[in-house]
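Single-structure report; data block below.
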Amino acid sequence: MASKLPVIVCVDDDEAMLSTVVRCLRREPFEVRFTLSANEALAWVAGADIAVLVSDYEMPEMTGAQLAGHARRARPETVRILLTGKRTLETAIDGINQGEIFRFLNKPFDNEQLRASVHAGVARKN
């Protein structure tokens, strides 16, 4: 039986950005799940062993920091990464306080930086 791949959940309300994130991670040794809905992403985190949550910051249902906070309470071992086009001190403090964010990445992000951050997150979780 094949070993189970780490599950990465990606969420962004912008479909083009979400597909860019997924394309960046698709060839890596991960199972990548993706959604436009923060609530759906949270349900996945709460219901399964998710290694890393990669989330946008600005979303209509809740901010990425709020999502990370809910995810931390539901499954503290899931590593949380925030993507944001609005990298202010406020965003960072919000993310750190609510969700204990592992990494912040600016949009547009560097593909190698995203891959390296997700790999680091998987290693940290294990």
If each of Ala43 and Glu61 carries a label point 7 Å out from its Cα toward its Cβ, how far apart are those two points in nm? 0.8 nm
Point-to-point label distance, Leu5-Leu36, nm (Cα→Cβ direction, 7 Å offset): 2.4 nm
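Quote to one decimal, in nm, the extra length available between Lys125 and Ile96 on full extension: 0.36 nm per residue of separation minus the C-alpha distance between them.
On the way: separation 29, 0.36 × 29 = 10.44 nm, distance 1.75 nm.
Stretched out fully, the Lys125 to Ile96 stretch lengthens by 8.7 nm.
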Show me, for the range 91-99, the HN-Hα J-couplings you get by feeding each phi into the Karplus relation (A = 6.51, B = -1.76, C = 1.60, θ = phi - 60°), rounded to Hz, glycine and proline as x. 4, 5, 4, 4, x, 5, 5, 7, x
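Of the peptides 51-58, 88-95, how do they stack up when ordered by the mean number of other Cβ atoms within 10 Å, highest first? Don't skip to the answer; put the middle values down first.
On the way: 51-58: 24.8, 88-95: 15.0.
Taking the mean over residues of other Cβ atoms within 10 Å, the ranking is 51-58, 88-95.
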Relative contact order for the range 2-126: what percent, with Cα pairs under 8 Å and sequence separation of 6 or more? 23 percent
Mind checking which of Ala41, Val7, Tyr57 is farthest towards the positive end of the chain's charge dipole, using Cβ charges of +1 (Lys, Arg) and -1 (Asp, Glu) about the Cα centre? Val7
For the chain, what mean projected area does the convex hull of the alpha carbons give, in nm²? 7.0 nm²
Nothing charged except the Cβ atoms of Lys and Arg (+1) and of Asp and Glu (-1): what's the magnitude of the dipole of the chain about its Cα centre? Round to the nearest 20 debye. 480 debye
Tell me what the chain gives for mean residue ellipticity at 222 nm when only DSSP H runs of n ≥ 4 count, each as -39,500 (n - 2.57), the sum divided by the residue total, rounded to 500 deg cm²/dmol. -14000 deg cm²/dmol
Which trypsin sites (Lys or Arg not before Pro) in the range 41-100 sit in a loop by DSSP (not H, G, I, E or B) and have at most 15 other Cβ atoms within 10 Å of their own Cβ? Lys86, Arg87
So what are the ³J(HN,Hα) numbers for the range 7-20, from phi and the Karplus equation (6.51, -1.76, 1.60; θ = phi - 60°), rounded to whole Hz, Gly and Pro as x? 9, 10, 9, 10, 9, 7, 7, 9, 4, 5, 5, 4, 5, 5
Which of the aspartates and glutamates could be linked to Lys125 by a straight reach, that is with a Cα gap under 16 Å, when you skip same-chain ones fewer than 8 residues away? Glu31, Asp49, Glu77, Glu100
Between Lys86 and Arg26, what is the label-point separation in nm under the 7 Å Cα-to-beta-carbon projection? 3.0 nm
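Values in this text are rule-based calculations from the coordinates and carry no lab data. Bear in mind that the values here come from a model prediction, so they are computed numbers and not experimental data. Neighbour counts are summed over all protein chains in view; Cβ atoms, including those assigned to glycine, are modelled from backbone coordinates with ideal geometry.
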